[in-house]
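Accompanying notes for the structure given below.
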């Protein structure tokens, strides 16, 4: 049973925010998330960190400006997830606006694997590019960059992943996480890095007099794509990323989104005029990711690049179909995994690994996430690739830096891991065939060494109790439209309620009436049809509900446990 805790809220920060004019509920929520001044939540574009803080970004701007001047052919090498797709679309759209000749190539997850490999370089060379530009990959492409250099093709790497022991010998690397980079936000997504490179390129072209007699391209037109990729990649939403997301959402709500973004909203049955972070992370992002998992991410990129609404809608519908297929595959794999793990006792293990040779390589990451959530253990899931290697995808819990754990295994067991990369909370790797059990043992040993046993206890962090009078529809709407995400979590509240009525709706959801301190509340427990006891301690979010023209407040239950009468 997880432990429910209350997020600390510094009294001085809360008082300062209230003094600055914030409502008490908002002052409390923001102070508990490290905000000390209203400027930190203004989310205005002029507050963005300047591009000059990124190491080598001026060199990248010069490289690209010279290529535009000389009419050289640029080729973007993308990644096959939502961040890579949006970064590619931002790169193609932005470089085209700035006068470049640019195309793209995205590896197929099932055929080519990840990143700028020598095989992808050979494929790219067939298009005779003068410069390769990686987006959301490349920092670990030592062999790929070497292959490009051998063919006389320079490489500009734009990435945000953590580097390995050696950097590729690229013409230029822009990555906030590379050694020596003092950029204050290490949390830019790949799409954010590419957006920053475009800002620097425009400044360089301005310096060269390109816009002396014509208007500068408005790069704000790319912010809807930047917002989608940033949220979908689940990077930490620090102040800088929140600005990018807020500005992108504002464009969507104002009817200024690209045709592809609008088409994805329609395919998901959502309204861009009321766009939220939830829409980006749970409605649009999965549909875009489905292309890279099940088919070919070129479908997703073409949707994001489409200017014709009808063409964009056709592509978005195809992405929706792929997402439905992905969900079916995922459900079957989860059922198999739970059957395999029927005797798994989390109390006996600090980690979890699972392997089936015929699992879909494109869906193992989602399966790892589902198992991690269920058992609250760092989890790695493997499937067999066509080449015979085992492809793995891992997800971690707070307290364990997954990439660092894999790095330690690699150093202690040379040859066990063929290659790996990723972040603190998610990583990918490959093993030689037949070495899954050996990896499982090594992973368990390292996790036991690195993790605090207290981190293995499930914990739900909330904002404590909300006064009954603060349960307002208007507050629910405001919360729904605010920018929340990784590192800046959406508010959850906790309280004890009497369950006065409950019934199953839609065969799988529980509709409730709850009572507390003389107040009655409507509530929903989605995907949990089992009845609740008469008195519960609940963790919940405020949810605006609009049905048949009627607007009302509902509580969205996230977790409950029995409470004493």
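Counting only DSSP beta bridges with both residues in the chain, the antiparallel share comes to about 65 percent.
Summary of the geometry: the range 20-70 and the range 455-489, compared by the centres of their Cα atoms, lie 24 Å apart. Exposure proxy ranking for 284, 223, 45, based on other Cβ atoms within 10 angstrom of each Cβ and starting from the fewest, stands as 45, 223, 284. Protection proxy ranking, highest mean first, for peptides 195-208, 332-345: 195-208, 332-345, where packing is the per-residue count of other beta-carbon atoms within 10 Å, averaged. Exposure proxy shown here: for 44, 253, the number of other Cβ atoms within 10 Å sets the order, fewest to most, as 44, 253. Rounded, prolate or oblate: which one fits the range 48-320, using the alpha carbon gyration tensor with axes a ≥ b ≥ c (rounded when a/c is under 1.5, else prolate when a/b beats b/c, else oblate)? Here the range 48-320 falls in the rounded category. Between the helical axis of 57-69 and the longest alpha-carbon principal axis of the chain there is an angle of about 50 degrees.
Sorting the segments 494-506, 3-15 by their residues' average number of neighbouring beta-carbon atoms within 10 angstrom, most packed first, yields 494-506, 3-15. Packing order of peptides 29-37, 177-185, 209-217, highest average first: 29-37, 177-185, 209-217 (average count of other Cβ atoms within 10 Å over each peptide's residues). Between residue 551 and residue 465, the C-beta separation translates, for a Förster distance of 25 Å, into a calculated FRET efficiency of about 0.50.
In this simple spin-label approximation, residue 278 and residue 127 carry label points 7 Å from Cα along the Cα→Cβ vector, and these lie 3.8 nm apart. If you sort the three axes of the alpha carbon gyration tensor as a ≥ b ≥ c, you get a/c under 1.5 for the range 453-565, which makes it rounded. Between residue 311 and residue 208, the modelled label-to-label distance comes to 2.8 nm, taking each label 7 Å out from Cα in the direction of the beta carbon. Overall dimensions of the chain, expressed as equivalent-ellipsoid semi-axes from the Cα gyration tensor (√(5λ), whole Å, largest first), are 39, 30, 22. Taking 7 Å steps out from each Cα toward its Cβ at residue 327 and residue 411 produces label points 4.4 nm apart. Note on the chain: helix-only mean residue ellipticity at 222 nm, from DSSP H runs of 4+ residues weighted -39500 (n - 2.57) and normalised by residue number, equals -12000 deg cm²/dmol. Per-residue extension of 0.36 nm, minus the Cα-Cα distance of residue 143 and residue 511, leaves a gain of 126.9 nm for this segment. Extension gain, residue 339 to residue 474: 0.36 nm times the residue separation minus the Cα-Cα distance gives 44.1 nm.
Full extension of the chain segment joining residue 445 with residue 348 gains 33.7 nm, where the gain is 0.36 nm per residue of separation less the Cα-Cα distance. Centre-to-centre, using Cα atoms only, the range 188-226 and the range 89-119 are separated by 18 Å. The relative contact order of the chain, computed from alpha carbon pairs under 8 Å that lie at least 6 residues apart in sequence, is 11 percent.
As a length-normalised measure over Cα pairs under 8 Å and 6 or more apart, the relative contact order of the range 1-138 settles at 22 percent. If you average the sequence gap of Cα pairs under 8 Å that are 6 or more apart and divide by the length of the range 374-519, what percent do you get for the contact order? Taking the mean separation of contacting Cα pairs over the length of the range 374-519, I get 17 percent.
Since every read-out is calculated from the coordinates, none of them should be taken as a lab result. Small disclaimer: the values here were computed from a predicted structure and weren't measured. Backbone-built Cβ (ideal geometry, glycine too); neighbour counts: all protein chains shown.
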